[in-house]
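Worksheet: one structure, shown below.
The values are calculated or read from the model by the stated rules, or taken from the named source; none is laboratory data. Keep in mind that this is a model prediction, so the values were computed, not measured. Every residue, glycine as well, gets a Cβ built from its backbone with ideal geometry; the counts of neighbours run over all protein chains shown.
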Amino acid sequence: MMFFIQGSLVTGTPNPIKKWLPDIQWYSVNALIQLEGFENFAKNMVTDAPKRFEDWYNHLVPEEQTLPLDWRNLDQQPFQKMLIVRCLRPDRCTVALSNFIQQSLPSGDDFVNCDASLSFLQVVDSAYGDSSPTTPIYFVLSAGANPVKDVEALARMHGFDTAKMLHPISLG
């Protein structure tokens, strides 16, 4: 679990498949092979089926594709497959995790799509209901996201004078 959450890198071994795999992913694979059950993963990528791994790596939705060689069995062990996605295609981890939750938990769709029918303002209003002066709301944003207008609308909806009581701070 910690490997999935934090990731890990082991440097020192030169990347023999640098042509298609960035060094950072190679270092992540070298950390993965220290986990039980993944000892042969790097060797399989480099020696046994490099083209097939490259094709998997380059797929638009690799988390939905079967891995080469005996790693195809990880389709039956979705958490372990997510570890490989974490190493090779960290950009696809959010989607892989959503798929994992949907498939693994009873009523998993309810967890993944719980706010899908709500507007951003409705979601923020719900979060506001759970907040207090000692339980603030934090926004962790992706590039280009700007919730300020919706937060201001929420403040006005609840009778706050936004000029006096709202102080947005960008930590970027």
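I need a count of the residues in region 58-92 that are hydrophobic (A, V, I, L, M, F, W, C), touching a helix residue (DSSP H, G or I) at 6+ places or on another chain (Cβ under 9 Å) and farther than 19 Å from Leu35 by Cα.
Within region 58-92, residues that are hydrophobic (A, V, I, L, M, F, W, C), touching a helix residue (DSSP H, G or I) at 6+ places or on another chain (Cβ under 9 Å) and farther than 19 Å from Leu35 by Cα number 1.
Any chance region 39-48 includes a residue that's within 24 Å of Asp70 (Cα to Cα), assigned to a loop (DSSP other than H, G, I, E, B) and not basic (Lys, Arg)? Lay out the reasoning, then the answer.
In the first step, residues of region 39-48 are kept if they are within 24 Å of Asp70 (Cα to Cα); the result is 39-48.
Checking which are assigned to a loop (DSSP other than H, G, I, E, B) leaves us with 39-40.
Now narrow it down to the ones that are not basic (Lys, Arg): 39-40.
Scanning region 39-48, I find at least one residue that is within 24 Å of Asp70 (Cα to Cα), assigned to a loop (DSSP other than H, G, I, E, B) and not basic (Lys, Arg), so the answer is yes.
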Check on Ser126, closer than 22 Å to Val95 by Cα, at pLDDT below 90 and not assigned by TED's automatic domain parsing to the domain that holds Ser98: no
Checking Gln34 against (1) in a helix (DSSP H, G or I); (2) free of Cβ contacts under 8 Å to residues at least 40 places away in the same chain, the condition it does not meet: (1)
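Of everything in region 83-92 that's crowded, with 19+ Cβ neighbours inside 10 Å and either under 12 Å from the mean Cα position of the chain (by Cα) or hydroxyl-bearing (Ser, Thr, Tyr) (or both), which residue is farthest from Phe41 (Cα to Cα)? Even if it seems obvious, please write down each step before you answer.
First, the residues of region 83-92 that are crowded, with 19+ Cβ neighbours inside 10 Å: 83-89, 92.
Those still in the list that are either under 12 Å from the mean Cα position of the chain (by Cα) or hydroxyl-bearing (Ser, Thr, Tyr) (or both) too: 83, 85-87, 89, 92.
Values: Leu83: 12, Val85: 13, Arg86: 14, Cys87: 11, Arg89: 15, Arg92: 19 Å.
My answer is Arg92.
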Residue ID - modelled with the highest pLDDT, chosen from residues in region 133-160 that are in contact with a helix residue (DSSP H, G or I) (Cβ under 9 Å, 6 or more places away or on another chain) and of a type in the set (Phe, Trp, Tyr): Phe160
Neighbours by Cβ (under 9 Å, 6+ apart or cross-chain): first from region 1-22, touching a residue at least 24 places away in the same chain (Cβ under 8 Å); second of a type in the set (A, V, I, L, M, F, W, C) and assigned to a loop (DSSP other than H, G, I, E, B): Phe3/Leu35; Val10/Ile33
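Any idea which of Asp48, Asp55 is surrounded by 14 or more Cβ atoms within 10 Å (Cβ to Cβ) and either out of contact with any helix residue (DSSP H, G or I) (no Cβ under 8 Å at 6 or more places or on another chain) or free of Cβ contacts under 8 Å to residues at least 40 places away in the same chain (or both)? Reasoning before the result, please.
Values: Asp48 fails: surrounded by 14 or more Cβ atoms within 10 Å (Cβ to Cβ).
Only one candidate qualifies: Asp55.
Residue by residue, here is whether (1) of a type in the set (A, V, I, L, M, F, W, C); (2) at pLDDT 95 or above holds:
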{"site": "Leu21", "(1), (2)": "yes, yes"}
{"site": "Ile33", "(1), (2)": "yes, yes"}
{"site": "Glu36", "(1), (2)": "no, yes"}
{"site": "Leu60", "(1), (2)": "yes, yes"}
{"site": "Asn73", "(1), (2)": "no, yes"}
{"site": "Ser104", "(1), (2)": "no, no"}
Residue count for region 93-122, restricted to those that are more than 21 Å from the chain's Cα centre (by Cα) and of a type in the set (A, V, I, L, M, F, W, C): 2
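Please verify whether region 50-58 includes one or more residues that are at pLDDT 95 or above and in a loop (DSSP other than H, G, I, E, B). Show your work before the answer.
Looking only at region 50-58, we keep the residues that are at pLDDT 95 or above, and these are 50-58.
Restricting the remaining residues to those that are in a loop (DSSP other than H, G, I, E, B) gives none.
No, region 50-58 contains no residue that is at pLDDT 95 or above and in a loop (DSSP other than H, G, I, E, B).
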Only one of Asp125, Asp70, Asp110 that is assigned to a helix (DSSP H, G or I) and surrounded by fewer than 11 Cβ atoms within 10 Å (Cβ to Cβ): Asp70
